[in-house]
Amino acid sequence: MLAKIPGPDGKLPPGVKGISLFVVPKKLVDADAKLTGERNDVALAGLNHKCGWRGTTNTLLNFGEGKFPARGSAGAIGYLVGQPGEGLRLHVPHDERGPHRRGHGRHHAGHGGLPRQPRLREEPPARPARGPRGEGPIETAERIIEHADVKRMLLAQKSYCEGALALELYCARLVDEQHTGAEDAADEARLLLEVLTPIAKSWPSEWCLEANSLAIQVHGGYGYTRDFPVEQYWRDNRLNMIHEGTHGIQAMDLLGRKVLMENGRGLQLLAQRINATIERAMHVPDMAVYGNALGQALAQVGAATKAAWASGHPAEALANAVPYLQAFGHTVLAWIWLDVALAAHAAPESAARTGRLGAMRFFFHYELPKIGAWLAVVSQRDATCAALPEEAF
Ligand SMILES: Cc1cc2nc3c(=O)[nH]c(=O)nc-3n(C[C@H](O)[C@H](O)[C@H](O)COP(=O)(O)OP(=O)(O)OC[C@H]3O[C@@H](n4cnc5c(N)ncnc54)[C@H](O)[C@@H]3O)c2cc1C
């Protein structure tokens with residue numbers, strides 16, 4: 001339980017530094033931690049009726065309203081953990097083990113959108129085609145996968161979900177290296193994880209959700225019903241952009257902290273790794289064009305990072321942190337896809353190889369060019385949103 005302790009003047013300390021952490025049990029214990037049989041003044045106010053994740057319970061609690069007077073009067077008894085004002089630090093620890101524990105939570109949230117995708121490739125049943133004026137059904141059965149636009153939606157889902165899975169596995173390897181590598185390698189893995197964690201959390205949260213939305217679209221009207229599980233996947237995965245730090249907070253963590261920390265060393269390390277993949281691509285004739293595109297994207301992200309901070313005002317730089325996060329994420333995913341494609345290119349012919357190379361090409365042709373629009377508002381420190389007065393909404 002996070003709560004503030006009033007000062008001697010009866011006022012609550014301002015800001016997050018005034019928050020303290022408490023254990024507030026439902027049943028009271030004595031000094032030897034034995035249950036005394038008394039209820040604490042904690043009452044269930046009701047259930048949250050959630051958009052998704054309906055299999056888990058999420059409740060509202062009332063504290064100290066007198067429903068179960070504790071030791072004779074209204075008021076819940078709580079036990080302070082640590083010192084007053086340390087609540088957020090203890091809840092979201094920033095000690096040397098803390099950020100990684102929190103990081104694991106964020107990787108978990110990012111990973112949350114992934115396992116549901118492969119089933120989305122189950123094809124909806126074939127339906128009879130209709131004639132040109134809507135009369136029908138006519139003789140030949142036409143399967144929806146034969147339409148180029150349906151293939152576009154399937155390929156988008158494949159590129160988002162398999163790309164995100166490859167990113168999560170890359171991060172998992174970095175976590176291993178951080179714990180088992182030699183001192184230098186472990187430190188490199190730590191710093192790369194610092195920069196990649198906001199992406200590993202936010203990118204799958206946003207784009208695998210878009211994949212779920214496209215899966216509904218592919219199914220047409222059936223996608224909007226409960227006949228297929230795709231609407232549930234969308235509802236469940238909608239949470240991922242909210243919990244473990246919202247999208248907006250991840251974006252500010254990336255542009256406000258992670259790309260600046262240790263004089264930008266994390267960003268430089270990531271650029272080195274991306275450049276190593278580009279270098280490999282330049283030696284493979286079919287891949288050089290994608291290496292070049294990735295090199296340009298990386299340069300654009302670097303220039304936008306500088307431009308965002310050119311005035312030195314955090315409010316100006318961070319006003320467009322989310323478009324920055326999106327462009328940074330798409331650049332990281334283009335790198336991941338190029339790496340996957342280089343491995344696929346060297347492998348023998350197979351449907352999986354063709355699919356991976358196709359998904360990489362889709363990502364470079366349809367997705368990576370989006371970063372231009374996202375980075376333009378970042379570089380210009382565009383104030384369209386920040387400057388609009390509240391009453392104009
Ligand atoms: C189903 C469910 C389960 C949960 N389970 C847990 C749990 O087990 N434990 C737990 O501790 N928490 C849990 N949470 C809480 C969850 O972590 C928070 O809802 C989440 O962190 C967002 O915080 P908030 O709801 O206070 O939104 P707010 O912080 O009020 O955010 C509202 C909007 O404002 C934006 N915003 C907020 N501050 C800023 C800023 N400074 N700059 C720019 N934009 C900003 C946000 O990005 C967001 O878009 C759960 C939430 C849900 C829905």
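The values are calculated or read from the model by the stated rules, or taken from the named source; none is laboratory data. Just so we're clear, the structure is a prediction, and the values are computed from it rather than from any experiment. Note: ideal-geometry Cβ built from the backbone for every residue, glycine included; neighbour counts use all protein chains shown.
Structure summary
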read-out	value
Boolean, A303 is within 21 Å of E206 (Cβ to Cβ) and small (G, A, S)	no
Options W203, W207; residue that is touching a Gly at 6+ places or on another chain (Cβ under 7 Å) and assigned to a helix (DSSP H, G or I)	W203
Where A189 falls short, out of the listed (1) away from the ligand (no atom under 16 Å from the Cβ); (2) without any contact (Cβ under 8 Å) to a residue 24 or more places away in the chain; (3) of a type outside the set (D, E); (4) surrounded by fewer than 20 Cβ atoms within 10 Å (Cβ to Cβ)	(4)
Residue in the range 267-282 that is within 16 Å of the ligand (Cβ to nearest atom) and farther than 20 Å from L368 by Cβ present	no
Test: residue in the range 364-379 that is assigned to a helix (DSSP H, G or I), surrounded by 16 or more Cβ atoms within 10 Å (Cβ to Cβ) and of a type in the set (S, T, Y)	yes
Filter pass, P285 being modelled with pLDDT under 95 and either on the phi < 0 side of the Ramachandran plot or crowded, with 23+ Cβ neighbours inside 10 Å (or both)	yes
Some residue of the range 18-35 being within 16 Å of the ligand (Cβ to nearest atom), under 30 Å from R238 (Cα atoms), of a type outside the set (S, T, Y) and modelled with pLDDT under 90	no
Check on G134, at pLDDT below 90 and closer than 29 Å to P198 by Cβ	no
Members of the range 169-200 that are among the hydroxyl-bearing types (S, T, Y) and assigned to a loop (DSSP other than H, G, I, E, B)	none
Within the range 47-93, considering residues that are in contact (Cβ under 8 Å) with a residue 24 or more places away in the chain and β-branched (V, I, T), the one nearest to the ligand (Cβ to nearest atom)	V81
Matching entry among V332, V289 (being within 21 Å of the chain's Cα centre (by Cα), of a type in the set (V, I, T) and part of a helix (DSSP H, G or I))	V332
Filter result for Y160 (touching a residue at least 12 places away in the same chain (Cβ under 8 Å), in the same structural domain as K258 (by TED's automatic domain parsing) and buried (at least 24 other Cβ atoms within 10 Å of the Cβ))	yes
Some residue of the range 309-328 being of a type outside the set (S, T, Y), more than 22 Å from the chain's Cα centre (by Cα) and within 22 Å of L192 (Cα to Cα)	yes
Leading residue by the ranking (farthest from G15 (Cα to Cα)) among those in the range 33-92 that are in a strand (DSSP E or B) and of a type in the set (S, T, Y)	T36
Checklist (1) away from the ligand (no atom under 13 Å from the Cβ); (2) surrounded by 15 or more Cβ atoms within 10 Å (Cβ to Cβ); (3) within 30 Å of C51 (Cα to Cα) applied to D236, failing item	(1)
Residue in the range 311-322 that is buried (at least 19 other Cβ atoms within 10 Å of the Cβ), away from the ligand (no atom under 16 Å from the Cβ) and either part of a helix (DSSP H, G or I) or modelled with pLDDT of 95 or more (or both) present	no
Unmet requirement for Q326, which otherwise passes all of (1) out of contact with any Asp or Glu (no Cβ under 9 Å at 6 or more places or on another chain); (2) closer than 23 Å to L154 by Cβ; (3) within 16 Å of the ligand (Cβ to nearest atom)	(1)
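To keep it simple, each residue is scored yes or no on (1) within 13 Å of the ligand (Cβ to nearest atom); (2) farther than 27 Å from V175 by Cβ; (3) surrounded by fewer than 21 Cβ atoms within 10 Å (Cβ to Cβ).
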| position | (1), (2), (3) |
| --- | --- |
| D227 | no, yes, yes |
| H243 | yes, no, yes |
| G248 | yes, no, yes |
| L255 | yes, no, no |
